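Reading through the structure tokens given below for one structure.
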Amino acid sequence: MFTFTIDGKNTKAMDDAISIEQVTKNDQTFWRICIHISSIHSYVKANTEIDKESAKKVESYYIGKYFFKSMLPSVLYEKVGSFTQNDDKFAISLGFLMNEHGVIIYEGSQKFQYHRSIINNNLKLSHQQANLILQGKGQEGIKPETYD
């Protein structure tokens, strides 16, 4: 599946991603969509000092382009758990099948499937790049941004 992130230029941690794949069933076209959240618990063991400290902080804070409070050490959220391009990373994923009208289709007895996964981010997009694609301006001239 083609997987990508959409984040601001100054984002340090790409912790969510989307996968899209076109699927044909019984001569009908559908889209398989998966939404992925970084599975930091795969890297942080329960009841360790890092786990206890992050539980106290609960969340990270951004105001505009400024990042000033992290619940985890930067090496964990920026490198290890971040969906960096072309690296396999652990995720928690929600998947569903959607028809051309945006209606979510049952697969068996469920509309949604939740699972642990390993994803590989094919492309990092900025918000501006994603908006150009959604406006039908195509991908020509849109190059993945670096987030150094």
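Quick one: in segment 5-29, which of the residues that are hydroxyl-bearing (Ser, Thr, Tyr) and assigned to a strand (DSSP E or B) is surrounded by the fewest Cβ atoms within 10 Å (Cβ to Cβ)? Among residues in segment 5-29 that are hydroxyl-bearing (Ser, Thr, Tyr) and assigned to a strand (DSSP E or B), the one surrounded by the fewest Cβ atoms within 10 Å (Cβ to Cβ) is THR24.
Selection within segment 30-67: residues that are modelled with pLDDT of 70 or more and among the polar types (S, T, N, Q). The member of this set that is surrounded by the most Cβ atoms within 10 Å (Cβ to Cβ) is SER38. Residues that are touching a helix residue (DSSP H, G or I) at 6+ places or on another chain (Cβ under 9 Å) and hydrophobic (A, V, I, L, M, F, W, C) were ranked within segment 23-55; the one that is nearest to HIS115 (Cα to Cα) is ILE40. Count of segment 3-57 residues, restricted to those that are within 21 Å of HIS101 (Cα to Cα) and within 13 Å of the chain's Cα centre (by Cα), is 6.
Cβ separations smaller than 6 Å between residues 6+ apart or across chains give the following pairs from segment 99-124 residues that are aromatic (Phe, Trp, Tyr) to residues that are modelled with pLDDT of 90 or more and assigned to a strand (DSSP E or B): PHE112/LEU94; PHE112/PHE96; TYR114/LEU94.
The values are calculated or read from the model by the stated rules, or taken from the named source; none is laboratory data. In this text, all values refer to a predicted model and were calculated from it rather than measured experimentally. Note: ideal-geometry Cβ built from the backbone for every residue, glycine included; neighbour counts use all protein chains shown.
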